[in-house]
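A short worksheet on the structure shown next.
Nothing in this text is a laboratory measurement; each read-out follows from the coordinates by a stated rule. Fair warning: this is a prediction, and the values are worked out from it, not measured in the lab. Methodologically, a virtual Cβ is constructed for each residue, glycine included, from the backbone with ideal geometry; neighbour enumeration extends over all protein chains shown.
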Amino acid sequence: MAGIFRRLAGRASWLCLVAAACGGSRAAGEGENAAPTGVRVLPLAEAIVLETAGPPPPDTTVTFIAGEPRTIVLRHGPPEYIVFAELTFPPPAFAEHGREVRVDVRPRPGVYGLDIATSLPIRDSATVVFKYPRYFASSAKARAIYGSDVAYERALAIGRLMPGGMLALLPSTRPFPDLLQAPLPAAGTYLVAAPQ
């Protein structure tokens, strides 16, 4: 009996390996939400950061009480004021409930990116969403490597800038077309990018 289970387990492992090697999951189509992948770390120089053609959002500072839910919405400048990004801090986002927390957000010029500073450390459940339905601007390099804007867009993830010029591409999902969402584990710099 134990031999039968070993053989079945071996076959199941083999099937999982074959599925992974053949690209067992498919890319998300329009309106689909692909399962997030694990963190991938690469040099920032080997990433293609998504550019924006829109007017930049202004720097934003928000102060609120930790433990209260808060969403910070950043919008491109005039004339359209289209949403650029949203930061969501649910009640467990900060450990020190009842204390005042300050969140400073500075959009990075010309790209879908943010510098985020907080007066208390982020603990859990915070998220960042970038929205690019109007001002998506892929570079000539992105088109040359990926062959199309659609292929480049499907390869995008939200990355956190790490020491030494490294970019950690976080598990990112697309809750809706032209939106990219990822966990916000800590203050820092976040960029929308794809590997070269």
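At each listed q (0.12, 0.17 Å⁻¹), what is the log10 of I(q)/I(0) that the Debye formula gives for region 89-195 modelled as equal alpha-carbon point scatterers?
-0.45, -0.84
Which far-off residues, 5 or more places away or on another chain, put their amide H under 5 Å from the one on Met166, with H placed in the peptide plane?
For Met166, the qualifying residues are Leu44.
Stretch Asp178-Glu80 to full length: gain in nm at 0.36 nm per residue minus the Cα-Cα span?
Between Asp178 and Glu80, full extension yields 33.6 nm more.
Within region 166-196, which residues have the backbone N less than 16 Å from the label spot 7 Å out from Ala45 along Cα→beta-carbon, could you tell me?
Residues 166-167, 196 qualify, since their backbone N sits under 16 Å from the label point.
Hey, with R₀ at 35 Å, roughly what FRET efficiency would Arg134 and Ala168 work out to, going by the Cβ-Cβ distance, to 0.05?
Step by step, r from the Cβ atoms, then E = 0.80.
So for region 35-195, taking the charge dipole from beta-carbon charges (+1 Lys/Arg, -1 Asp/Glu), which of Gly147, Ile116, Gln181 sits furthest toward the positive end?
Gly147
Between beta-carbons, use under 13 Å as the cut-off and find the net charge around Gln196, counting Lys and Arg +1, Asp and Glu -1.
Within the 13 Å Cβ shell, the charges total +2.
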